[in-house]
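To keep things clear, I will list the structure first and then write my remarks on it.
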Amino acid sequence: MLDTGTRELCRSGRSLDLTPKAFELLAILIANRPRVIPKADLQERLWPDRFVVDKNLANLVSEIRDALGDDASNPRFIRTAHRVGYAFGYRGGGEHLRKGPARGDARVFRLLWNGQRLTLNEGEYVVGREPDADVYLDSPSVSRRTP
């Protein structure tokens, strides 16, 4: 679970350490999932007005993979689009993404699905089987779209 409000990454209830740049990269990838973000765009967002070598970005991806227990040769979380960029590719029901409340008095909701818990802040969410849904539910019974 990534909580951008408290800047905390947790896995199985245990807090994981990431450098500030690695945390920022992970937040960018999750916010844009499942879309591939080109390396040049990521470098511009992470290091504006600075020239950095590609290895800096690869090192951050490696740091995130190490923290998540991900494997570059068989990735579950960070997908490499060779010579293009990176994407967050996990489709585990959305429990990995939690944004901090925008206001101190904002309501927080919980969605329970197949034994998993997702924290949702006040707002609108698209829930469904489409890869770009805010909350992805891998179930054949989820098939309706309402206006």
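Please treat every number below as a calculation from the coordinates, not as lab data. Given the structure is predicted, the values throughout are model-derived calculations rather than measurements. Virtual Cβ from ideal backbone geometry, glycine too; neighbours counted across all protein chains shown.
Between PHE51 and LEU112, what's the calculated FRET efficiency when r is the beta-carbon distance and R0 is 35 Å? Round to 0.05.
Rounded to the nearest 0.05, the efficiency is 0.15.
At a 10 Å Cβ-Cβ cut-off, how would you order ILE64, ILE28, fewest neighbours first?
Starting with the residue having the fewest Cβ neighbours, the order is ILE28, ILE64.
Using a 10 Å cut-off around each Cβ, can you sort TYR86, TYR125 from fewest to most neighbouring Cβ atoms?
Neighbour counts put them in this order, fewest first: TYR125, TYR86.
Out of residues 5 or more away from GLY85 or on other chains, whose amide H comes under 5 Å of its own, with H placed 1.01 Å from N in the peptide plane?
LYS39
Please list the non-local residues whose amide H lies under 5 Å from the amide H of ARG76, H modeled 1.01 Å from N, same-chain partners needing a gap of 5 or more.
ASP71
Calculated FRET efficiency, GLU8 and ALA31, Cβ-Cβ r, R0 22 Å, to nearest 0.05?
It comes out at approximately 0.85.
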